[in-house]
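The values are calculated or read from the model by the stated rules, or taken from the named source; none is laboratory data. The structure presented is a predicted model; accordingly, all values stated were derived computationally and were not measured. Note: ideal-geometry Cβ built from the backbone for every residue, glycine included; neighbour counts use all protein chains shown. Note: areas computed on protein heavy atoms with side chains; ligands, DNA, RNA excluded. Shrake-Rupley method; radii C 1.70, N 1.55, O 1.52, S 1.80 Å.
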Amino acid sequence: MESADSFDTLKKQLEDCTACPLRGDCQAPVGWFGSLESPLMIVGEGPGGVEDDYGCPLIGPSGQLLDKALWSVRITRDRVYTTNVIKCRPKGNRTPTVEEGAFCARRWLDQEIRLLQPKVILGLGSVALRYFRGPDARITRERGQWYTTTEGIPFLATFHPSYLLRLSGQAQIAAKWEVFHDLEAVKAKVEAAVPGYNWNSGAPVHLFELFRKRN
Ligand code: URA
């Protein structure tokens, strides 16, 4: 496959992708959302059922919580770039394997990184962490720490919103605070590279007003 010279070309190539069996179990691949000028790339795991229905990454329950967390540091989704390691929803919403993640991400996510040239990458959860840091990485051990990707981009992983949603009580409160501090650190790192970046468009974006069900 030829490497894409624009997001438009990449989008068309992604729509036609049949490179792995996951494509057979979903409605269609789910690409990216947000500003193509963003200095921050946020990388989730892969589409769930709601994302497969609407064709937008992180629009379902996890995405709603992500939006709240981003707004707590005054970021709106339209001002950053969100995507996933894997583009097709695995059947039954199972977690993709490390091999599935790497196969898909080398084909698509790596091209997104090349085109966007983000100043910072924020990984959500262990699938994203393992793509950038290797299969032995552990989110509980490595969250909140800065690394550098092979392309020289600062990378930090935080807890995935779906993990926060599964917690309750004090454990949930503590994990949410950790995510908040990680987001503050990420924002500060971007600001050092792009002073004065316009992080929000005044109020959280309602993704369900922008996307309709695909079928
Ligand atoms: N979880 C993710 O990591 N990404 C999505 O797009 C949806 C849920």
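Could you please find all residues in the range 107-125 being in contact with a helix residue (DSSP H, G or I) (Cβ under 7 Å, 6 or more places away or on another chain) and open to solvent by 40 Å² or more (accessible area, probe 1.4 Å)?
LEU115, LYS119
For the range 156-170, how many residues meet the condition of being surrounded by 12 or more Cβ atoms within 10 Å (Cβ to Cβ) and either in contact (Cβ under 8 Å) with a residue 24 or more places away in the chain or in a helix (DSSP H, G or I) (or both)?
Qualifying residue count, the range 156-170: 10.
Scanning for something touching a helix residue (DSSP H, G or I) at 6+ places or on another chain (Cβ under 9 Å), within 16 Å of the ligand (Cβ to nearest atom), more than 27 Å from ILE153 (Cβ to Cβ) and open to solvent by less than 70 Å² (accessible area, probe 1.4 Å), does the range 6-26 turn up at least one residue?
Yes - at least one qualifying residue is present in the range 6-26.
Just to be sure, is PRO90 touching a residue at least 60 places away in the same chain (Cβ under 8 Å), touching a helix residue (DSSP H, G or I) at 6+ places or on another chain (Cβ under 8 Å) and open to solvent by less than 50 Å² (accessible area, probe 1.4 Å)?
Taking the combined requirement at face value, the residue satisfies it.
Looking at GLY134, is it out of contact with any strand residue (DSSP E or B) (no Cβ under 9 Å at 6 or more places or on another chain) and surrounded by 15 or more Cβ atoms within 10 Å (Cβ to Cβ)?
No.
Considering only residues of the range 37-56 that are touching a helix residue (DSSP H, G or I) at 6+ places or on another chain (Cβ under 6 Å) and within 7 Å of the ligand (Cβ to nearest atom), which is most open to solvent (accessible area, probe 1.4 Å)?
GLU45
Scanning the range 57-87 for residues that are among the charged types (D, E, K, R) and crowded, with 19+ Cβ neighbours inside 10 Å, which turns out nearest to PHE159 (Cα to Cα)?
ASP67
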